[in-house]
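Here the structure comes first, spelled out in structure tokens, and everything after it is commentary.
The values are calculated or read from the model by the stated rules, or taken from the named source; none is laboratory data. Small disclaimer: the values here were computed from a predicted structure and weren't measured. All Cβ positions, glycine included, derive from the backbone under ideal geometry; neighbour counts span all protein chains shown. In case anyone asks, the SASA skips ligands and DNA or RNA and just uses the protein heavy atoms, side chains included. Shrake-Rupley method; radii C 1.70, N 1.55, O 1.52, S 1.80 Å.
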Amino acid sequence: MSIRAARARIIATAVVLAALPALSGTPAAAAHDSGVRLDFLGERELPNAMAFQGTTVGGLSAIGYDAKTGAYYVISDDRSQTGPARFYTAHVDFAQGGALKGVELTGTHPWLRPDGTAFPPTATATAASAASVAPDPEGIAVDPRDGSLVWTSEGERIVPSDGPALLGAPWIRRATTTGAYTGQLPLPPQLHMNAQEFGPRKNQTLEGVTFTPDGRRIVTAMEDPLYQDGADPTPEHGALTRITVHDAVTGAPLTQYAYPLEPLFATPPAGSTDTNGVSDLVALGHDRFLVLERASIFSDNNWKARIYLVDLHGATDVLGRDSLTDAATRPVKPVRKTLVTDLSDVPGLSRVDNVEGITLGPRLPDGRRTVVLVSDDNFAAREVTQFIAFAADGI
């Protein structure tokens with residue numbers, strides 16, 4: 001069947017969550033159509049462990065698009081283990097009718113430290129050298145004003161029972177298109193890594209970043225709740241994580257909002273840490289976003305990825321609040337979210353893997369905006385590096 005024949009028009013189904021339903025797992029109290037429709041345009045996979053310009057391609061965790069040059073930027077979450085912490089440039093080719101024709105990597109660059117050197121791997125302190133913490137690159141976005149980049153690292157949190165903690169702060173950094181460091185944004189104090197159970201959990205911090213279309217705001221999403229904001233999502237309940245809006249010029253945090261995560265879609269094996277979280281977001285306007293939630297039953301290589309339309313308007317500003325669990329005395333109104341599509345329901349999509357990145361691509365001749373996703377294969381043979389494309393109405 002051709003891609004055009006297999007094209008699936010996904011009419012947004014409705015899921016609107018308030019704070020208590022998100023935390024308790026009770027059904028949504030209301031429903032409405034998001035007005036966003038997605039047409040499946042195709043998918044392409046890169047070969048497993050593909051060699052490219054001296055690197056092993058894998059761990060692709062986020063994608064950004066430069067509308068002025070047509071270039072895509074794709075970040076790898078390699079922590080300087082198979083190669084330096086890095087990103088790739090890519091070309092995504094659409095046919096005249098909109099079908100996804102192909103994806104080609106066009107270059108790669110290491111992320112550079114302020115002194116101009118690449119990041120070494122994480123290492124504990126020895127008698128001869130100090131400890132070093134490599135970044136965990138997860139989010140990437142293109143500044144629409146000048147084409148420069150922002151990227152996020154989840155940092156590190158290793159707290160042994162019999163020794164000193166090894167902590168690496170999450171960050172939002174600015175860089176040139178060749179990876180050179182040009183600055184770092186300040187974080188709200190609640191997002192700083194801590195050896196105590198306060199602040200972010202390991203590997204659940206700054207997962208997504210986007211610019212608003214006018215370039216005036218940088219918006220980030222935490223993957224999962226802070227310790228003090230409650231437990232991670234389980235099959236029985238969802239959770240609240242945080243979206244933070246920064247001034248793109250000064251970097252200062254301006255506002256912050258609670259985002260209601262879905263419960264985990266199935267019951268994992270006993271002792272598992274599988275959960276659901278935000279893996280990326282892309283701005284449609286000042287207050288509207290597409291948000292990608294990704295969940296896993298990792299032992300079964302069973303993934304679920306869902307795209308939501310999110311509106312910040314009317315949500316409680318929680319910037320400066322240490323905890324979101326005191327809603328009885330300090331009510332929290334989360335952002336509004338509506339399901340646009342569950343990738344498991346898309347006819348013609350061969351599989352749903354660890355989909356982690358989302359961006360807006362170019363407009364098609366009929367005026368619809370392309371939406372491009374990328375998956376993180378975790379450098380594992382059983383997973384895939386996958387690019388998925390849709391055409392969107394209503395954005």
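For the reader, a short list of remarks on this structure follows.
- Rule-of-thumb Rg ratio for the stretch 285-395 [Cα; 2.2 N^0.38 Å; N residues]: 1.30
- Semi-axes of the equivalent ellipsoid for the stretch 319-377, Cα gyration tensor, largest first, Å: 34, 17, 13
- Estimated from the Cβ-Cβ distance and a Förster radius of 25 angstrom, the FRET efficiency linking residue 158 and residue 345 is about 0.05.
- Here the extension length gained between residue 272 and residue 53 equals 75.1 nm, from 0.36 nm per residue of separation less the Cα-Cα distance.
- Between residue 132 and residue 328, the simple spin-label model (points 7 angstrom out along Cα→Cβ) gives 5.0 nm.
- Kirkwood Rh in Å, taken over all unlike Cα pairs in the chain: 21.1 Å
- Using the Stokes-Einstein relation with a Kirkwood hydrodynamic radius computed over Cα pairs, the translational diffusion coefficient of the stretch 221-327 at 25 °C and a viscosity of 0.890 mPa s comes to 166 µm²/s.
- Using bins of 5 Å that start at zero, the share of Cα-Cα pairs per bin across the stretch 301-350 amounts to 4, 15, 18, 14, 13, 12, 11, 7, 4, 1, in whole %.
- Our coupling estimate for the stretch 75-87, obtained by passing each phi through the Karplus curve with A = 6.51, B = -1.76, C = 1.60 and θ = phi - 60°, is 8, 9, 8, 4, 8, 6, 9, 8, x, x, 3, 7, 9 Hz, Gly and Pro reported as x.
- Ligands, DNA and RNA left out, the accessible area of the stretch 70-209 computed with a 1.4 Å probe is 53% carbon and sulfur.
- Within the listed set 75, 358, 172, the residue fluctuating most in the Gaussian network model of the chain (springs between alpha-carbon atoms under 10 angstrom) is 172.
- Direction-averaged projected area, Cα convex hull, the stretch 117-259: 10.2 nm², rounded to one decimal.
- Among 67, 270, 165: highest mean-square fluctuation, GNM of the chain, C-alpha pairs under 10 Å: 270
- Spherically averaged projected area of the convex hull of Cα atoms, the stretch 83-188: 10.2 nm².
- Database remark: amide H of residue 319 closer than 5 angstrom to the amide H of 256 (H placed geometrically; neighbours at sequence offset of 5 or more, or on other chains; Pro and chain starts carry no H).
- Placing pseudo-labels 7 Å out from each Cα toward the beta carbon at residue 202 and residue 252 gives an inter-label distance of 3.7 nm.
- Amide H contacts under 5 Å for residue 201: 227, restricted to partners 5 or more places along the chain or on a different chain, H placed in the peptide plane at 1.01 Å from N.
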